[in-house]
Structure formats: C-alpha cells, structure tokens
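Written below as structure tokens is the structure these notes are about.
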Amino acid sequence: MRLFPAFATLAIATVLAIAPYTLRAEDKIPTLSLTGTGSVSGSPDMAIITIGTVSEAEDAVAALEKNTASTTAFIDALKAAGIEGKDLQTSNFSVEPNIVYPSSKSSTRPNRPAIVGYTVRNMVTVRIRDLKLIGNVLNEAVTLGANSISGPRFAVDEPAALEAEARRMAMTAALAKAQDYADAAGIALGPIQMISEQGGFQPRPEAMMMSRSAADSSPVPVEAGEVSYSATVSVEWALKQ
C-alpha cells in the first residue's frame, strides 16, 4: 500500500485552504473617512399646492356629480387667473363607500356592515409661477368648493446652480475637516480614494384643511421666505506612511 500520494494531496489541500486568508500587514492601506455638508439658500420662484374637493352623497353618482361641479369650477378659475394647463395635474381621484359597522349583534341574526353613502375625492396639483397669485388662488378655490388643500410648498424652478454651490461647499467642508484631523494626528493626507453624495433637498409640504364657510373675500396671506438646498458628501482619503 502506497501512502505518499495521500499525504501529498492532504498537504496541498491544506495550503490551498489557508492561503486565501493570509494578509500581510504591509498590504493594508490606512484611510480616513469623513463627511461634509453644504447648504445654500435662495428665493423661491414657484409654489406647488394640492387643491381638491371631497364630496359625499347617498349614492355614488350624486357624489360624483357634486364633486365634478366643484372641481371643474375651481380648475376653470385657475386657468382664468393665468395658470397654464401644463401646471395643472390630477394627482388623486377616488370613489369610496361610507360603511357603518354595527357595534352589537342581534340574538336572532347578525347585523351586517351597511353602506350609507359614498365619498368622492379629486385632488389637483397646481404649480404657481407668479407668487403674487397664491393668496387669490387659495381664496378662489375655497370659494368655489375646494375643501382640501395641502401646501404651499415653495421651490426654485431651475435649482441646478444652487445645488452645485451646495456640493462645492460640502466638499470644501470635508476637505477642511480632514486637514484638521490630519494636522492634529501628525499625519499627511494621501490621494482621495472615494467620493459619494448623500441625500439632498426634499421640500416638506404642510397640510391644511379648509371649508367653504371659512372662505373670505380677502386673499389668503402667504409668505414665501427662502428655500434651502443642501448636499452631504462622504470622502475617503488614503494616509501617507
């Protein structure tokens, strides 16, 4: 019986199993990873508002007809006020039954859920490019039957320049922070190994519910303020040895 080839095969298998996990210390490159954030503000030139009508009736057709009349009225008014068709977009439409669930059961037969009416919702997202129109648009919409309004959310129509400035500020902040750490530790920064951008500006609309009875002949007071665009960047440097 020959034993040598078996021992040879075992030795080779052992080397192959161990070799991939061997890492020399000199192969490891020390790195420094940091983030930087930049933020820049600008004056908005556009407002985005979601305006809608919620209507109820005992049957679906009546609720739909009531809702359609109100929605058509305020859409026509928006167009007459100078809002272009491209800046009007239906964002949600629904017809749902109003169901009443019994709180108790009869001893002879169980009470079943009953449909007592229907609710129709029609929401339209409006882009207003002349900010002076916002107050009048809100007032007119409510006067004509709109009873669900979300917004306004202010934005810049072409934010590329502001976003680019925020990125530059974020990168400058990351570079300054890295140099501070390097100086404090007595080390030198090497070449950048990786740059990645995180997040960005996300407008947050504030919802408000209005009823027709709350409408007033005066324009709704609205302040545009400023909008901020921010950028966060992650950077990784190799450290010189």
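The values are calculated or read from the model by the stated rules, or taken from the named source; none is laboratory data. Not measured: the values here are computed from a predicted model. In this analysis, Cβ positions are derived from the backbone assuming ideal geometry, glycine residues included, and neighbour counts consider all displayed protein chains. What goes into the accessible areas is simple: the full protein's heavy atoms, side chains included, and nothing from ligands, DNA or RNA. Shrake-Rupley method; radii C 1.70, N 1.55, O 1.52, S 1.80 Å.
The single condition from (1) among the basic types (Lys, Arg); (2) in contact with a helix residue (DSSP H, G or I) (Cβ under 8 Å, 6 or more places away or on another chain); (3) not in a strand (DSSP E or B) that ARG121 fails is (3). If you go through region 70-90 and keep only what is in a helix (DSSP H, G or I) and of a type in the set (D, E, K, R), you end up with ASP76, LYS79, LYS86, ASP87. Selection of first residues in region 44-69 that are within 25 Å of GLU84 (Cα to Cα) and without any contact (Cβ under 8 Å) to a residue 12 or more places away in the chain and of second residues that are part of a strand (DSSP E or B) and open to solvent by less than 40 Å² (accessible area, probe 1.4 Å), restricted to Cβ pairs under 6 Å at least 6 apart or on distinct chains, gives an empty result.
Search region 49-78 for residues being of a type in the set (Val, Ile, Thr), out of contact with any Phe, Trp or Tyr (no Cβ under 8 Å at 6 or more places or on another chain) and surrounded by 15 or more Cβ atoms within 10 Å (Cβ to Cβ), and hand back the single one that is nearest to ALA114 (Cα to Cα). Selected residue: VAL54. Yes or no: region 144-157 includes at least one residue that is surrounded by 13 or more Cβ atoms within 10 Å (Cβ to Cβ) and part of a helix (DSSP H, G or I). No: zero hits.
Residues checked against (1) within 27 Å of the chain's Cα centre (by Cα); (2) touching a residue at least 40 places away in the same chain (Cβ under 8 Å):
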| site | (1), (2) |
| --- | --- |
| ARG112 | no, no |
| VAL116 | no, yes |
| GLU158 | yes, no |
| MET169 | yes, yes |
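Selection of region 125-143 for residues being basic (Lys, Arg) and not in a helix (DSSP H, G or I) yields ARG127, ARG129. If LEU131 satisfies all but one of (1) exposed (fewer than 13 other Cβ atoms within 10 Å of the Cβ); (2) touching a strand residue (DSSP E or B) at 6+ places or on another chain (Cβ under 8 Å); (3) not β-branched (Val, Ile, Thr), what's the number of the condition it fails? The number of the failed condition is (1). Taking the stated definitions as given, is THR37 over 30 Å from LEU175 (Cα atoms) and open to solvent by 20 Å² or more (accessible area, probe 1.4 Å)? Against the criterion (over 30 Å from LEU175 (Cα atoms) and open to solvent by 20 Å² or more (accessible area, probe 1.4 Å)), THR37 does not qualify.
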